[in-house]
1. Are any residues in the stretch 158-195 under 29 Å from residue 63 (Cα atoms) and at pLDDT below 90, and if so, which ones?
2. Between 64, 74, 80, which is assigned to a loop (DSSP other than H, G, I, E, B) and either in contact (Cβ under 8 Å) with a residue 60 or more places away in the chain or hydrophobic (A, V, I, L, M, F, W, C) (or both)?
3. State whether the residues of the stretch 124-132 include one that is in a loop (DSSP other than H, G, I, E, B) and in contact (Cβ under 8 Å) with a residue 12 or more places away in the chain.
4. Identify, please: which residue in the stretch 83-123 is touching a residue at least 24 places away in the same chain (Cβ under 8 Å) and among the small types (Gly, Ala, Ser) and is, among those, farthest from residue 15 (Cα to Cα)?
5. Give me a count of the residues in the stretch 52-89 that are farther than 17 Å from residue 133 by Cα, hydroxyl-bearing (Ser, Thr, Tyr) and under 17 Å from the mean Cα position of the chain (by Cα).
6. Examine the stretch 40-53 for a residue that is in a loop (DSSP other than H, G, I, E, B) and at pLDDT below 95, and state whether such a residue exists.
7. Assess whether residue 90 counts as being among the basic types (Lys, Arg), at pLDDT below 95 and either assigned to a helix (DSSP H, G or I) or out of contact with any Ser or Thr (no Cβ under 9 Å at 6 or more places or on another chain) (or both).
8. So which of 171, 153 is crowded, with 18+ Cβ neighbours inside 10 Å and not in a helix (DSSP H, G or I)?
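The values are calculated or read from the model by the stated rules, or taken from the named source; none is laboratory data. Since we're looking at a predicted model, the values are computed, not measured. No Cβ is skipped: glycine too gets one built from the backbone with ideal geometry, and neighbour counts run over all protein chains shown.
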Amino acid sequence: MKIQMEKSKDRVMLPEGSHVAVLVGLVDLGTQETFYGPKKQIGFLFEFPNKKHTFREEDGPVSLSRSVIVTSSLNQKSTLCKYVVAIKGKQLAKSEMESGIDLSELLGKATLATIVHRPGKDEQVYDNITGLSIMPEGLPCGEVTSDPFVFEISAQLKNWDKVPEWMQKKIAESPEYKSAKGNGHVVEDTEDAPF
């Protein structure tokens, strides 16, 4: 007897394996509740310039995009540290780790993203980024169509419109956002989310 999980009908999946990915967005998610208690988190948004799909004929083919959330920690064993090394293409010096790094310098840089298909909490199958590695020299990288951006929680909400709706909802629950906005900002539902 063969049993098969149902795949999401609405989502265009990236195939499993390693794919060229370009960092196009950095999103401050504020402090989020995790299995290990409250942790400050960052969202990395990637465009896959060699993997295109036509969602609407008038737009033509566009690159697929995916995101991953990491805890904001530069401990050498942290996922953030490993991802920064993969995107920069070299190990971080101890002085860099101690003085801090400007993540915005990573925007527009290519890396290899490992995609694995896994069921989510809703039992739908998703194409998750499970790791990043240094981009091999000479590997072709297609043209990126998204303008790179950084979103940091502040009263101005600069680049809020570029943050995916599901991340906006997550950010709105953070104490940093509530403090910056005085609990008065409402996240609008939109179907025009860029990712």
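1. If the condition is that a residue be under 29 Å from residue 63 (Cα atoms) and at pLDDT below 90, then 187, 188, 189, 190, 191, 192, 193, 194, 195 are the ones that fit.
2. Unique residue meeting the criteria: 74.
3. yes
4. Of everything passing the filter in the stretch 83-123, 100 is farthest from residue 15 (Cα to Cα).
5. 5
6. No: zero hits.
7. yes
8. The unique qualifying residue is 153.
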